[in-house]
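The values are calculated or read from the model by the stated rules, or taken from the named source; none is laboratory data. Since the structure is predicted, the reported quantities are computational estimates derived from the model, not experimental observations. Glycine gets a Cβ as well: all are built from the backbone with ideal geometry, and neighbour counts include every protein chain shown.
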Amino acid sequence: MVIVMAPEATQGDIEAVVELVRSAGGEAFVSRGVHRTIIGLVGDIDQFGALNLRSRKGVGDVMRVSVPYKLVSREHHRQRSEIWVGGVPIGPATVTVIAGPCTVETPEQTLAAAQMARRAGAAMLRGGAFKPRTSPYAFQGLGEVGLKILSEVRDEVGLPVVTEVVDPASVDLVCAHADMLQVGTRNMQNFALLQAVGSAGKPVLLKRGMNSTIEEWLMAAEYIAQRGNLDIVLCERGIRTFETATRNTLDISAVPVAQRLSHLPVIVDPSHSGGRRDLVLPLTRAAIAVGADGVIVDVHPDPAKALCDGDQALAEEDLTELGAITATMPQLLGRALTPAPQPAAAASR
């Protein structure tokens, strides 16, 4: 059983609930987030039912759930959630396109990629400042310099930024520049990092681990939610199989399965799953057709010179087709393409 305290709950309200649970022979585990406090209960469910917890001062909701991922499950929240990032919605009514360079290289390259993304219908900008790579000799990203470039480009083009954070020590730094924190496939079970981003007060994009089951993916999301942050978007980015024809195998069935099990939005990364430019657009169609709440794609003004994943980045000549896909397919499914917000300079005129 889980108790979600109301935002206005006081420390005294929380302590009173904990003491009540313990008096009934149960255990209470308190997790304090930026926006809410959550109390997990262990013990006799029937005994807890006799406590009339919903009526207690400061209690917002009480949930009895059977799945291990309690807070992110549909049992907890029957209606699918809509998450907002810098004024941009991601959820069941829309299809949201996130696009940009896999890696921030220079201000010029990042701005050009962001302008490409906007022309293709993107409402958010992706870009990596920290890049965990398989090889220690590969380009690892510009770090804080890259974050500052993303901030400047956001001001220019008006697209909220999602970028990866790779360790708990970097969370505050990334929060200072990003609108959404990304946890990559290699860090999906970095539990200290999951707890840190859960406490950071920013929306989180959680990529599925390349070797992870759907339940493990949802349990990773639970680590974030358990810290009081339910602003989570799940991202299917392909899993590792015996197949070598593609970089990863896009588990397209994971989208409806995750949406059935969890109320969180689910998007697809067709770039990292296919790993080849010629596969990105077909996989984008598949993602939208199966009901994904969005896609996240790589674009680059000159893929041949990209410092990271140039083989999968869409080039200028691909934008017309990408724009046509994102402009027409959502409507066929009764959804709308999420519009891009206006740059701050344009909005003030």
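Points to keep in mind about this one:
- With respect to (1) modelled with pLDDT of 90 or more; (2) loosely packed, with under 14 Cβ neighbours inside 10 Å; (3) of a type outside the set (Asp, Glu); (4) part of a strand (DSSP E or B), the lone exception for Ile3 is condition (2).
- Scanning segment 7-62 for residues that are in a strand (DSSP E or B), in contact (Cβ under 8 Å) with a residue 40 or more places away in the chain and not hydroxyl-bearing (Ser, Thr, Tyr) yields Arg32, Ile38, Gly40, Leu41, Val59, Gly60, Asp61, Val62.
- Residues in segment 157-177 that are under 17 Å from the mean Cα position of the chain (by Cα) and of a type in the set (Ser, Thr, Tyr): 1 in all.
- Members of segment 158-173 that are surrounded by fewer than 22 Cβ atoms within 10 Å (Cβ to Cβ) and over 19 Å from Leu193 (Cβ atoms): Gly158, Pro160
- Evaluated against (1) surrounded by fewer than 18 Cβ atoms within 10 Å (Cβ to Cβ); (2) outside any helix (DSSP H, G or I); (3) acidic (Asp, Glu), Glu105 falls short on exactly one condition, (1).
- Test: Gly26 is surrounded by 18 or more Cβ atoms within 10 Å (Cβ to Cβ), under 19 Å from Arg227 (Cβ atoms) and not aromatic (Phe, Trp, Tyr): no
- Criterion (buried (at least 19 other Cβ atoms within 10 Å of the Cβ), at pLDDT 95 or above, of a type in the set (D, E, K, R) and assigned by TED's automatic domain parsing to the domain that holds Leu193) met by exactly one of Arg247, Arg227, Arg237: Arg237
- Number of the condition not met by Pro89 [criteria: (1) more than 15 Å from Ala225 (Cβ to Cβ); (2) surrounded by fewer than 18 Cβ atoms within 10 Å (Cβ to Cβ)]: (2)
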